[in-house]
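Bear in mind that the values in this text are calculations on the coordinates, not laboratory data. From a predicted model like this one, the values you see are computed outputs, not experimental measurements. Here the Cβ positions follow ideal geometry from the backbone for every residue, glycine too, while neighbour counts run over all protein chains shown.
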2 protein chains.
Amino acid sequence: MSVDLDAKTRGKREETKASNRQAIIDAARRVFAELGYGATTVRDIIRATDLASGTFYNYFKSKEEVFQALQDETALRVRPRLRAERIRARNFEEFISGSFRTFFDFVKNDRTTFATMRSNHPEMSRVRIDTPEVIAGFDELRADLEVAIENGVVPDTDPNLLMASIVGVAFEVAHEMLTRDLAVEDTAKFATALFLGGVQALPKRKA
Amino acid sequence: MSVDLDAKTRGKREETKASNRQAIIDAARRVFAELGYGATTVRDIIRATDLASGTFYNYFKSKEEVFQALQDETALRVRPRLRAERIRARNFEEFISGSFRTFFDFVKNDRTTFATMRSNHPEMSRVRIDTPEVIAGFDELRADLEVAIENGVVPDTDPNLLMASIVGVAFEVAHEMLTRDLAVEDTAKFATALFLGGVQALPKRKA
DNA sequence: GACCGAAAGTGACGCCCCGTCAACTTTCAT
DNA sequence: ATGAAAGTTGACGGGGCGTCACTTTCGGTC
C-alpha cells in the first residue's frame, strides 16, 4: 500500500533514491556494529548492499557522513521521548529524573546503537559526534533549563555549564551502567540525586 | 652531557632506539595537531621524521598505538599534579575543588593537547581513549574516593558511578570552558559546587 | 507507444596507504 | 679485525580511495 502510494506520490525516481539511501544506512549500521567504526571502509558498506561503489558517492561524501546520518536517526528516535518526558514533568525533580531514566532506558534497550555511537575501537575508545539533530536535541534541553531558571526552580546559574554537566554524566554513567550491567532505575536515581542536590549549591551566574 | 652519559650508560644501540621512538612521537604530536587524528596516516608521521617507512613498525603497530603513547605522555604529566593536589587536600571540598582546578588549569594551558586528546575531526567529534596510564590515573582517583567514603566524608555510595560522573563532568565542562573561553576559576567553582551539593544527596550503596 | 533529455548507476582507473620482508648497514663483544 | 645480532631501508603486492566516461532507467512530450 504505502509503497504504491509512495510510488504514485513520488514516482519511481524518488522512490529508489530513498530506498537506496536507506539501504546504505542499514548496511552501514550492520557493518559498523560488526567491524567497529574505525575498521570499516566505504567498500565494506557498499559491498553489504547490491549497489556499485560509485553509487555510494551519489548519497554520501564519506563514511563519516553515513555515520552522522546514523547518529541523526538515533537522535530522532530519542528526542521525542525526552521531550515528552520533560513536558510531563511538573517540577525540576521530575524534569531531571524523567530525562535520565528515559535516556538510560534507551541505552539499555539499544546497547548496539549506543556502542556504535560511542566506540571506534571496541573496548578502547569512545566517541561522540555532534550532528545537527543531536545539537538540536541539546538546544531543546538547554531552552528548558533556561525556563527552569526563569521560574526560579533552578538557581540563576550558567545553563550551558549545567547542560554540559548533565550530558557528561549521562554518557559516562550510561557507559558504566552497561559495563557493570546496573539497573536503569538505580542508575537514574544516582544521577538524579547528584543533580538535585548539586543544583541548589551552584554559583550565581555572572553579569 | 646527558647525551654522553646516556651513550656511555646505554650504548649507542639503546640510545638511538630511544631517540627514534621519541622522534616518532614528537612528529605524531605535530601531525595530529595539524591534520587531526582521523586524517593523518602513518606515512604522514614517518615523513615528518627522517626515518624510513618500515622503521615506524619497529616501534609501533599502528597510528592508534602512537596515539596511545601520546595519551600516556599526557596522563604522565597530569597525574602527579592531581595526586599532589589530592594529598594536600584536608577535606572532601579541597579534594574536589583541587582536582577540578588542576585539571581545568592543565586543559587551559595545553589546549592543543586536550584538543588532540578529544577531537578526531575538528569541531565535530570528540574522543577519549583509555590507555594503561589513563586507567591507572582513574584507579588512583577511585581509590581515594573509596577512602573518603570509608572516612564518612562521602556517603556510602557507588564509587564507580561517582567517578564516572566526575570524569564526565570534567571532560564535558572543560570542553565548554574552551569553547566559550571561560575562566578556570569560575569553571572549577561550578563543578565543585555541583558535586559538593550533590554528593550529600546520593543514594546509599546496595548490598 | 516511440522518442529524447535528464537523472542515476556502474565499475575500471590512477593514486596513495598499508604492513611486510629480503637486502643492507651499524653496533658491539670477542 | 671480524662475525653475528640488531636495526634500518624502501620496494612490493594488496587494497581502499574518489572520479569519470559510459550505460541504463525514468518520465515528460508528441
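A few points about this structure:
- Cα gyration tensor shape of the stretch B:1-60, rounded if a/c is under 1.5, else prolate or oblate by comparing a/b with b/c: prolate
- Of all aspartates and glutamates in the structure, those lying under 16 Å Cα to Cα from A:LYS12, and not within fewer than 8 positions of it along the same chain, are A:ASP4.
- Ranked from shortest, the separations from the 7 Å Cα-to-Cβ label point of A:GLU146 to its equivalents in the other copies are 4.5 nm.
- Each copy carries a label point for B:GLU64 at 7 Å from Cα toward Cβ; from one copy, the others' points are 2.0 nm away, ordered from shortest.
- Evaluated with a Cβ-only charge set (Lys, Arg +1; Asp, Glu -1), chain B carries a dipole of roughly 360 debye about its Cα centre, given to the nearest 20.
- Centroid-to-centroid separation of the stretch B:17-84 and the stretch A:142-157 [C-alpha atoms, Å]: 45
- Distance in nm between pseudo-label sites at A:ARG21 and A:ALA39 (7 Å out along the Cβ direction from Cα): 3.1
- Ordered by the count of other Cβ atoms within 10 Å of each Cβ, fewest first, A:TYR37, B:TYR57, A:TYR59 give B:TYR57, A:TYR59, A:TYR37.
- Pairs of alpha carbons in the protein assembly as shown whose separation is greater than 39 Å (percent): 27
- Distances from A:ARG90 to itself in the other copies, using label points 7 Å out along the Cα-Cβ axis, amount to 4.7 nm in increasing order.
- Which listed pairs, of A:LYS206/B:LYS108; A:LYS108/B:LYS63; A:LYS108/B:LYS61; B:LYS17/B:LYS63; A:LYS108/A:LYS189, have C-alpha distances above 25 Å, in listed order: A:LYS108/B:LYS63; A:LYS108/B:LYS61
- The residues neighbouring B:ALA27, those whose beta-carbon lies less than 12 Å from its own, together hold a net charge of +2 under the Lys/Arg +1, Asp/Glu -1 convention.
- Order of B:LEU82, B:LEU145 under a 10 Å beta carbon neighbour criterion, fewest first: B:LEU82, B:LEU145
- Under-5 Å amide H pairs with A:THR131, H placed in peptide plane, nonlocal only: none
- Global size of chain B as Cα Rg and Dmax, reported in angstrom: 20.1, 60
- Selection among A:ALA75, B:SER97, B:ALA33 by position relative to the dipole of the protein assembly as shown gives B:ALA33 as farthest towards the positive end (Cβ unit charges, Cα centre).
- Rounded to the nearest 20, the size of the Cβ-charge dipole of the protein assembly as shown about its Cα centre is 640 debye, with Lys and Arg at +1 and Asp and Glu at -1.
- Screening chain B for whole DSSP H helices with an alpha carbon extent of at least 15 angstrom along the helix axis and a mean Kyte-Doolittle hydropathy of at least -0.5 yields B:92-109, B:132-150, B:159-180, B:184-199.
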